[in-house]
Structure formats: structure tokens, C-alpha cells
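Engineer: I have a structure I would like to understand better, so I am pasting it below and will then ask my questions one at a time.
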Amino acid sequence: MKNNLDRRTFLKLSSSATGALIVGLQLQSCYRKEEAATQYAFSPLIRIDTDGWVTLTAKNPEIGQGIKTALPMILAEEMGADWDKVKIEQADFDVKYEEQWAGGSYAIILNWDLMRKAGAQVRYALIEAASIHMKLPTNELISNNNRVFHKISGKSMPFEALLEKAALVDLPEEVAFKPVEDYKIIGKPTPQTDVKDIVNGTTSFGIDISLPEMLYATVRKNPVFQGKIKSYNEASAKSVFGVLEVIELNNEDYGGRLLEANSPNFVNGVAIVADTTWAAFKGAEKLEVEWDNTGLRKENSEELFQRFYKQLSETKIERKDGDIHKARRKAAKNHEAIYEVPFLAHVPMEPMNCTVHFRDNFCEVWVPTQNPQAIENGLMKLFQLKPEQIKIHLPRIGGGFGRRYYGDYAMDAAVLSKKFGKPVKLTWSREDDIQHDWYRPGSVHKMSVSLDSQGKVIGWQHILANASRKTSLGRDGRPAGTEIDAYDFPAGFVPNLQLEYGHVLSDVPLGQWRAVAASANAFPVHCFLDELAHMQQIDPIDYFIAFLGPARMVPVLGDYEFDNNRFLHVIEKVKQISNWETPLPKGQGRGFAARKGAGSFIAEVVTVEVEANGNLNILRVDAVVDCGIIVNPSGAQAQVVGGILEGLCAALYGEITFRDGATVQSNFHDYPWIRMKDVPDVRVDFIKNNLPPRGLGEPPLPPAIPALANAIFAACGKRIRKLPIAGQLLN
Amino acid sequence: MPSYKLTINSESISVEASPDIPLLWVIRDMLGLTGTKYGCGKGVCGACTVHFNGSPIKSCTMAIENADGGAITTIEGLVKEKEIMIKEAWIQLDVPQCGYCQAGQIMNAAALLVNNPNPSNVEIDNTMSSNLCRCGTYSRIKQAISLAAKNIKQ
Ligand code: FES
Ligand code: FES
């Protein structure tokens, strides 16, 4: 892959009276003695100043996953920086940074080599420079703590004394990475970059942006997906003190609801522009409006699920190994069960917002987004702009979870700012957020299995029916098997296996939620396996281990192999640390599930108590994780705990329903989130190895759901086949 | 437009505002103190927690007309020695994930520790359950409160 970050464009920064002036020049021509440079930018990611400070660019959007800390840690490690003399600056969106997005647990996976290379190149230049200064061979020099040291004598020189000479060194294309054993920064628990500003309340999230002459806005949206505006009474909103303007926003005037894949346009509605967010909210509430919802599906949840059930018998086969029908005929026992998973909303803590200042054909944007490229694409399409007419700033983000992959909330802000020629901050209310999300699709799963006389699984069929993310909003197109993939577990582990997908078209906006399809599919797969274990009175972990077979590489699809060694290892370890074999008092039970996700292996055990009156208490969660090298153990632990809590919370209460084409739930009172008093003790154990680091944002979530449901079965004998658990009788 | 007097982070000010505007939006949009956050606007998430005459309140549910003459402390004004020790515990344990809920969490925790310097786990749970953390930082919040309580006592 072409790498723009190590291009031989050398930026040299020299300070002017008022601060740093960026002079973008080739190294050779910018090296001029008469001009005393104070800042040396070795790449867009690394700058060293003559005062000894290293400034690292954090290139990816920070949504709470800790990437603003983890990626600079990798740079700092490779170059030998002193973490206490490192400053971190958030990058704006720029294609030169590559892979500048947050999603799919990919940031560390995709940037591991990019960051190591950028850091190692600078280390190379500094060591070359030190070798000249110190008259010592490069292989006797190492960099550490912002200095280059002579390994033998211990003599050293600080980075700042090496800059002029280092700036003359050609950065090599091939560069050796530091051996893992020498790591000093990677692997050390490191507090988040912004932690001080966060606790002082001085971090600027997107919603906190303030610009001179800025207007505040919100949009009263048609609650019905795809609905339009019939009429509205402007005066009704303008009666609110502080409301300045009332403007109709029809996305059809701006290219329709979807500008392109992953670039949705705003929801139709009436924008209220005011002098405070509150006045805009109140104006929106007071606005008298009539919607036009003719010709829409106006879906209800019950009807939608009925269509899913129907679709179970009309499917496309996504994967077919052997012959499940033959296996069924041969089997000593066949078993089947149907599982149901609800729609979910994302509810990041910071509601959707965007600030835009559109002037002189230039669109400057401050947007909390996981996907800045999609926002740029959308703006280009909306206003026929070129990339150089758009500037996207990436403030810290109050949570993403997949919601901010879709930038619909930026488009209306841009339209309004263009109209007024002033900066506009557009904020969605929490109600807007919950009612106009890109929901995790609900689904129905028909699981069938064939067992031989020893109880071994010889046939496996998983049929999933739902509305696909790829064809949401009722748009036609190939469902592309998006909700169950040919490589989904347990593909590769059963000789006769069929994975099928039944596709239903729906008007509901659907999107990626943390862990995407696995957030739904892990539940039926791992609860069904638990059912099989109990049916045969075998310990569920022992049964699962037998199901997986011996430690080996399991060919799954193409050249994708599943490392059963690493998988078995986390499973055996979780069995140990959870005291799996120690009996529990009556009314308590343990449940287990293990998955691979984003390259990481995770095994989880949930312990619950079901009281005689049916009350459920989650007592404890044990998790063992193998994600390869752990860049920042503090951030990694937080991701695992956060993912597990999110899974438990979704399993307990998460449910979005629809009535007449609109979402029923509207705020945290009817879409509850887990609170401190319900949070169990979560113990996380990481397997230590030197394998390349893999994703952690998503993988901890899916197993938590079946592990909880399996624990409930163990505690009280109630098999959960439908989520959420809240509202179901457990006694 | 009626005028209201407030003491905010020890500074006396007066604001002209519509009587029903919640304190949250006066603080954020009129006074420019954006550390206090909007999360639900209904008093159910705690992101907007500030101290009003020393007690934690959800600033999204208190109209300015009911706050007239009151003394308000926001996260930016949480600067007393003991309060700083709470923030330090937060930093030491690397509590925040996205960070958005944390100002509200700290405001609530600070009020708890003033009234109850030695809270039990159950007391922490009960008080802090009015603050939602979407990222799930609860166990570190709990540890940070215990750590701060211990440090303050010494
Ligand atoms: S914003 Fe006030 S409690 Fe949620
Ligand atoms: S840290 Fe993200 S909501 Fe609490």
C-alpha cells in the first residue's frame, strides 16, 4: 500500500514573532543557516522543537477508544521519545494521513505499521546525526528518552542538539522496527492524552465549539422515516424569544436522503435558528407543523418481525459445506430453536451536532465524526465543492459506537451556514438522536443442528432473516449477505454446514452498531451451543472445547484461518480464573461464551443470581483476552470493560420499536442504560505475547450477551431466546 | 427581558434571559462555560450536574427564574484543594473514556464527598446511579471516589 506519511516532503517550521510559521519546502532547499529554525517537522506526524519537546500528531478521530493516546505511543516508542516531553496534537481531516476513521476496531490494526515506520524513520535520522556528532558507529547508538545514547560508554546527546544534522538525512524506505523486548512506552498503562482537560471541563467537544457571531440551530424532524413536510406555521416558532429564523429543509432539494453509500443527507424537517440552543429547541417544540407521509411503508415492529419470520423460508445460501440434509437423515438426534434479537439505538452521550462556517465558497466544519471522508464526500456532493474548499476539524467526540459513521447531522448545519453566511452550530436533541438513528437491525435466527450418536455436531444450519444495513431506507439493491457472512462462526468447524440469509426490505435507517452483525449473531450461536451441552448434560465449556476440536489452524474461507490454539488458550484460562468448577449456591449460575473478533480472541464467563421473585443480579464477569501486543493496557482494559457492559446492557434492556413508521422510544427514560448500582465486577485478564496488536473496541461485546443468557439458564433453568431480558419472567 | 442575579464560580453576574430557560443553557450558551454538558434535557442522565447553593442539581431541569440569587459551581470552578484531589484521583485512575459524562460525574462525586467523607460502596452506588456513563467507566469512577476519599482524609 502506498504510504503518504513517509513521503520525502520535509516540512521545516521556523518561528515568526507570533508563533510557528509553516514553511513547506524540500529539505535540501529549506536548510538555510541564516534562518534559525526552532521546529523540525520530520513528517506530518512528528515534529521536534529546539526546546527539546516532541510534538506528535494524533491522526484518527477520538471517540473514547483511546486512539489519541495509543497511536502517538507507537510513534514515541519507535523514535525513542520521552513520553513526559511529548505533546499531542489532534489532526484535522486530510487524505495524507490515510485510514483516518474510527470503526470496526481497525485503528490499531491498520496503523500499527504506519506508526512504527514513521517513528523508526525519525529514529534512524537522529541516530545518523548522532553518529556524525559523536563520531561513533550507528550500530552502537540507541535512542531513548529524547536522547541518543552510546550503548557502551553511556554518553548521550539530546534530540534537540541533533536536529540540524538529522534534518539532512534521507529517511529510508526500509527501516528496522524496534524489538518488542525493548519496548518502554508500549505496554505501559498510560492515562489518556486529554484526561486533565476532561476533568477540568476544558476539553472542547464538537458540541462546545463557539465562534464569533455563531447562530444556534436545531431541526424539528418528521418522525416518520422518509416523510416530508406538508405545511407549518412559522409564527408558532417565532413566538419563542430568541428564535430568529424558521426554514424548511427538504433533502430532495439537496440530492435526496442518501448522497452516496455511507453519506446520508439530513432528515426532512423545519430548521429553527436562534440565539441559544435552548431557544432553538423550544421553537422546534412550539412549531405547528403538518407532515406529508403519503406512500410510505409506515412500519410497525410486530409487522416487521412477522416479515422476518416469513423470510426464514425464503433465503439465499451464503455458505454451504457438505450436505446438511444428509446429516439430518443420518443423525441420532436433531434439534432446532428460534432466536429473536431487537433493533438497537447507539445513544452516544454527546448528542449529534455539527458547527459549520460557510463563507466565500469555503466550508469549514467542526464535526464529531467517525468518518470524516464521508462528510467531505457529502459536502462535495451537496454544494459541488472540491476537497480544497472544505476543511474538517476533528474535535474530541463524546462517544460513537457506530452512530457517527453516518454524517447526516453535518449536512443540515452546512446548508444553514451557507444560507446565512455565518457560523451555525446545529444540535440534535436526545429525542432526535434516538428517533433518527441508524439502528442496529433486529433479526430472527433459526438454528438447527444434527448430532451423531456420541452427541457430536455433524450438521449445522443458521438461517438469519432481517432487513439489511445495505438496503436500509427501503432502497433496493442486493442484500449482499451482510448480516451473516460466509466466514461466520462456526464455519470451518462442522463438516455439514449451511448459513442462509433471508432479506427483507424496510424503510428503517439501519447501520453499524458496536461489533456490527456479531452484536446480534453471537447470541443465537452461543446460546444454542449451550442448549446442546445441557441437553446432553455435559459441562458447557467442556462441550465447547470438544466442539472446537484439537489445537490447530482451522481453514475457514480462502486464506483465512482460525487459530484454534489461541482460542482454546483463552477459554481454558477463563475457566480457571472464573472458578468455573466451584459450585455456586442455589439460584446462582455461570454462563460462558467465547468469540474471535477483529483478530482478537475473547472468552467470558458471567455469574448471575436469580432471586426467588425473579429479580436478576449480575454478580461478576470474568474475561480473558488475547489481542496480541497491548499498546496501552489502561485503555485496553477500559475497552474490554466498556464493551462487556454495553453487551450486558443491550441484553438486559436494549430495544427500539416502531409504530406507524416512527420510533417509539425517545430518551433515557424509555431507552435505559446501565447504571452504577447494576454494574457487576468485571475482571479482565490479558494473555501476554508478542503477536501484532489486534482490535479491541468491538470484540468484548458479542460474547457478553450469550454468556449472560447462559448464566440465567444455569441459575434458574429459563432459556432466553429473545432479547431484551427485561420484562421476561425468570421465576 | 427579566434580569437575574447569580454567583457563578464565585463571580457575581447578572443575566437577562427568558424566565424558563434552564440553567444549563444559560451556563453553556450565554456564559460560555461549556464544561457542563447536555445529555438528555430531562433530568435523567446527570451530564449537566452543577452545584446550586452547595447541592448537586441537574441544571437542565432548573429554570433561571428559580435560580435567581443562587450560587452555582460548575466543573470549571471546582478548584478547592479537596476538589482538586478528586480530579487527581480521576487522572491517576485514567477514568474517562470519551469523557463527555465526566464533568457531571465529578460534580456529583464532589458533593457526595463533602457530605459524606467516607462513603460505603452502596452509598457511592446509590448516589452515582443518577449519572449515566454510556462508555461504562463506572468501576473506575467508583475506585476514584474511594481513592479521593482516602487521600482527602490523610
Ligand atoms: S442533561 Fe440534565 S440530566 Fe441529562
Ligand atoms: S466516559 Fe463516555 S459517557 Fe462516560
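Engineer: Counting Lys and Arg as +1 and Asp and Glu as -1, each charge on the Cβ, what is the dipole of the range A:371-493 about the Cα centre in debye, to the nearest 20? Intermediate values should be presented prior to the final figure.
Structural biologist: On the way: 18 positive and 13 negative charges, 108 e Å.
Computed about the Cα centre, the dipole is about 520 debye.
Engineer: Calculate, for the range A:457-608, the solvent-accessible area per residue in square angstrom, rolling a 1.4 angstrom probe over the heavy atoms of the protein chains. Please list the in-between numbers first.
Structural biologist: On the way: 4850 Å² over 152 residues.
Result: 32 Å² of accessible area for each residue.
Engineer: Around A:Ile630, what is the net charge, scoring Lys/Arg as +1 and Asp/Glu as -1 over all other residues with Cβ under 11 Å from its Cβ?
Structural biologist: Values: positive: A:Lys188, A:Lys688, A:Arg694; negative: A:Asp626.
Spelling it out: positives minus negatives among the neighbours equals +2.
Engineer: Okay, moving on. Taking the mean number of other Cβ atoms within 10 Å as a proxy for protection, how do you rank A:689-695, B:140-146 from highest to lowest?
Structural biologist: Details: A:689-695: 16.3, B:140-146: 22.0.
Top to bottom by mean Cβ count within 10 Å: B:140-146, A:689-695.
Engineer: Which Cα, out of B:Gly69, B:Ile57, B:Ala110, lies furthest along the positive dipole direction of chain B (beta carbon charges, K/R +1, D/E -1)?
Structural biologist: Going by the charge dipole, the pick is B:Ala110.
Engineer: Now a separate question. Just which residues of the range A:345-363 lose 40 Å² or more accessible area with every protein chain there, against their chain alone, with the probe set to 1.4 Å?
Structural biologist: Relative to the lone chain, where solvent access is computed with a 1.4 Å probe, the range A:345-363 loses at least 40 Å² at A:Met349.
Engineer: Pulled fully out, how much extra length does the chain show between A:Asn144 and A:Ala551, if you take 0.36 nm times their separation in residues and subtract their Cα-Cα distance? Walk me through the intermediate numbers first.
Structural biologist: Details: separation 407, 0.36 × 407 = 146.52 nm, distance 4.02 nm.
Stretched out fully, the A:Asn144 to A:Ala551 stretch lengthens by 142.5 nm.
Engineer: Oh, and also: Among A:Cys649, A:Phe601, A:Asn615, whose Cα lies farthest out toward the positive end of the dipole of the range A:594-672, if unit charges sit on the beta carbon of Lys, Arg (+1) and Asp, Glu (-1)?
Structural biologist: Going by the Cα projections, it comes out as A:Phe601.
Engineer: Run lengths n ≥ 4 of DSSP H only: what is the helix-derived mean residue ellipticity at 222 nm for the protein assembly as shown, with -39500 (n - 2.57) per run over all residues, to the nearest 500? Numbers along the way, then the final one.
Structural biologist: Numbers: 21 runs with 247 residues, N = 885.
My calculation for the protein assembly as shown gives -8500 deg cm²/dmol from helical runs alone.
Engineer: If you don't mind, another one. What percent do you get for the relative contact order of the range A:148-271 when only Cα pairs under 8 Å and 6+ apart count? List each step's numbers first, then the result.
Structural biologist: Numbers: 72 pairs, mean separation 23.6, N = 124.
Rounded, it is 19 percent for the range A:148-271.
Engineer: Now for a separate question. For the range B:81-153, what relative contact order do you get, as a whole percent, if you take Cα pairs closer than 8 Å and at least 6 residues apart? Walk me through the numbers before you get to the answer.
Structural biologist: On the way: 59 pairs, mean separation 36.9, N = 73.
With pairs under 8 Å counted, the relative contact order is 51 percent.
Engineer: Now for a separate question. Ignoring ligands, DNA and RNA, what percent of the accessible area of the range B:3-77 is carbon or sulfur (1.4 Å)?
Structural biologist: The C+S portion of the solvent-accessible surface of the range B:3-77 is 42 percent.
Engineer: Just the number please: accessible area per residue for the range B:81-153, 1.4 Å probe, all protein chains included, in Å². Spell out each step's value before the answer.
Structural biologist: On the way: 2520 Å² over 73 residues.
It amounts to 34 Å² per residue over the range B:81-153.
Engineer: Given a 1.4 Å probe, how much area per residue of the range B:3-77 is accessible, in Å²? Spell out each step's value before the answer.
Structural biologist: Details: 2630 Å² over 75 residues.
Here the residues of the range B:3-77 average 35 Å² of exposed surface.
Engineer: A further question on this structure: With a Förster radius of 35 Å, plug the Cβ-Cβ distance of A:Ala486 and A:Lys330 into 1/(1 + (r/R0)^6) and report the FRET value to the nearest 0.05. Before the final figure, lay out each step's value.
Structural biologist: Working: r = 24 Å, r/R0 = 0.70.
Efficiency at R0 = 35 Å is approximately 0.90.
Engineer: Report the equivalent ellipsoid semi-axes for the range A:628-731 in whole Å, largest first, defined as the square roots of five times the eigenvalues of the gyration tensor built from alpha carbon atoms. Numbers along the way, then the final one.
Structural biologist: On the way: eigenvalues 177, 68, 31 Å².
One finds semi-axes of 30, 18, 12 Å for the range A:628-731.
Engineer: Accessible area of chain A with a 1.4 Å probe: how many percent of it is carbon plus sulfur? Mind dumping the intermediate values first?
Structural biologist: Details: 13250 of 26930 Å².
Summing carbon and sulfur atoms, their accessible area is 49 percent of the total for chain A.
Engineer: Moving to a separate point now. Taking 7 Å along the Cα-to-C-beta vector as the label spot, tell me the A:Lys419-A:Glu260 distance in nanometres, rounded to one decimal.
Structural biologist: It works out to 2.6 nm between the two label points.
Engineer: Counting only the backbone N, which residues of the range A:649-683 are under 20 Å from the spot 7 Å out from the Cα of B:Ser120 toward its beta-carbon?
Structural biologist: Backbone N within reach: A:676-681.
Engineer: How would you order A:172-183, A:281-292, A:85-96 from highest to lowest mean count of nearby Cβ atoms within 10 Å? Each step should come with its number before you reach the end.
Structural biologist: Numbers: A:172-183: 11.9, A:281-292: 19.0, A:85-96: 16.6.
Top to bottom by mean Cβ count within 10 Å: A:281-292, A:85-96, A:172-183.
Engineer: Modelled label-to-label distance, A:Arg475 and A:Lys677, 7 Å Cα→beta-carbon offset: nm?
Structural biologist: 4.6 nm
Engineer: Per residue of A:237-244, how many C-beta atoms from partner chains lie within 10 Å of its own C-beta, taken as a mean? Can you show the working numbers first?
Structural biologist: Values: counts 0, 0, 0, 2, 6, 6, 0, 0.
Across A:237-244, the average partner-chain Cβ count within 10 Å equals 2.
Engineer: Residues with beta-carbon under 13 Å from that of A:Ala662, excluding A:Ala662: net charge, scoring Lys, Arg +1 and Asp, Glu -1? Write out the running numbers ahead of the final one.
Structural biologist: Working: positive: A:Lys221, A:Arg297, A:Lys298, A:Arg659; negative: A:Glu299, A:Glu431, A:Asp432, A:Asp437, A:Asp507, A:Asp660.
Net charge in that neighbourhood comes out at -2.
Engineer: What's the FRET efficiency of A:Ile538 with A:Lys722 using the Cβ-Cβ distance as r and R₀ = 22 Å, to the nearest 0.05?
Structural biologist: Values: r = 25 Å, r/R0 = 1.14.
So, using R0 = 22 Å, E works out to roughly 0.30.
Engineer: Suppose a student asked you for the relative contact order of chain A, using Cα pairs under 8 Å spaced at least 6 residues apart; what percent would you report? Spell out each step's value before the answer.
Structural biologist: Working: 1710 pairs, mean separation 97.9, N = 731.
About 13 percent, as a whole number.
Engineer: List the residues of the range B:134-148 that lose 50 Å² or more of accessible area once all protein chains are present, compared with their chain alone (1.4 Å probe, heavy atoms only, no ligands or nucleic acids).
Structural biologist: Those are B:Arg134, B:Tyr138, B:Arg140, which lose 50 Å² or more relative to the chain on its own.
Engineer: Is the shape of the protein assembly as shown best called rounded, prolate or oblate, per the rule: a/c under 1.5 gives rounded, else a/b larger than b/c gives prolate, else oblate, with a ≥ b ≥ c the square roots of the Cα gyration tensor eigenvalues? Please report the intermediate quantities before stating the final value.
Structural biologist: On the way: a/c = 1.43, a/b = 1.11, b/c = 1.30.
In terms of gyration-tensor shape, rounded.
Engineer: Shifting gears a bit: With a/c under 1.5 counting as rounded, go ahead and sort the range B:81-153 into rounded, prolate or oblate using the C-alpha gyration tensor (a ≥ b ≥ c being the square roots of the eigenvalues; past the cut-off, prolate if a/b is larger than b/c, else oblate).
Structural biologist: Numbers: a/c = 1.68, a/b = 1.25, b/c = 1.35.
Because a/c hits 1.5 or more and a/b fails to exceed b/c, the range B:81-153 counts as oblate.
Engineer: So, one more: Could you check the simple spin-label distance between A:Asn689 and A:Gln384, using points 7 Å along Cα→Cβ, in nm with one decimal?
Structural biologist: 5.6 nm
Engineer: For A:Ile338 and A:Glu252, calculate 0.36 nm times their separation in residues minus their Cα-Cα distance, and state this gained length in nm to one decimal.
Structural biologist: Numbers: separation 86, 0.36 × 86 = 30.96 nm, distance 4.10 nm.
That pair, A:Ile338 and A:Glu252, stretches by 26.9 nm at full extension.
Engineer: Just which residues of the range B:83-99 lose 40 Å² or more accessible area with every protein chain there, against their chain alone, with the probe set to 1.4 Å?
Structural biologist: Buried by 40 Å² or more upon assembly, which counts only protein chains, are B:Lys87, B:Ile91, B:Asp94, B:Pro96, B:Gln97, B:Cys98.
Engineer: Moving on. Once the Cβ-Cβ distance between A:Asp292 and B:Lys42 is put in as r, and R0 is 30 Å, what FRET efficiency do you end up with, to the nearest 0.05? Could the numbers behind the result be given before it?
Structural biologist: Details: r = 29 Å, r/R0 = 0.98.
E(calc), rounded to 0.05, equals 0.55.
Engineer: Also: Only Lys, Arg, Asp and Glu count, each charged at its Cβ (+1, +1, -1, -1), so figure out the dipole size of the protein assembly as shown about its Cα centre, rounded to 20 debye.
Structural biologist: Details: 96 positive and 102 negative charges, 249 e Å.
The dipole of the protein assembly as shown has a size of about 1200 debye.
Engineer: Let me ask something additional. How about the range B:26-116: which trypsin sites (Lys or Arg not before Pro) there lie in a loop by DSSP and see at most 14 other Cβ atoms within 10 Å?
Structural biologist: Details: sites: B:Arg28, B:Lys37, B:Lys42, B:Lys58, B:Lys80, B:Lys82, B:Lys87; in loops: B:Lys37, B:Lys42, B:Lys80.
Qualifying residues, ordered by number: B:Lys80.
Engineer: In Å², nearest 100, what accessible area do chains B and A bury in total when the solvent probe is 1.4 Å? Could you put the intermediate results ahead of the total?
Structural biologist: Numbers: alone 7970 and 29070 Å², together 32630 Å².
Heavy-atom accessible area buried at this interface is about 4400 Å².
Engineer: Considering the dipole of chain A built from charges on the beta carbon (Lys and Arg +1, Asp and Glu -1) around the Cα centre, which of A:Pro44, A:Pro633, A:Ile338 is farthest to its positive end?
Structural biologist: The Cα lying farthest towards the positive end belongs to A:Ile338.
The values are calculated or read from the model by the stated rules, or taken from the named source; none is laboratory data. Computed from a predicted structure; not experimentally measured. We place every Cβ from the backbone using ideal geometry, glycine too, and count neighbours over all the protein chains shown. Heads up: the accessible areas ignore ligands, DNA and RNA and are worked out on the full protein's heavy atoms, side chains in. Shrake-Rupley method; radii C 1.70, N 1.55, O 1.52, S 1.80 Å.
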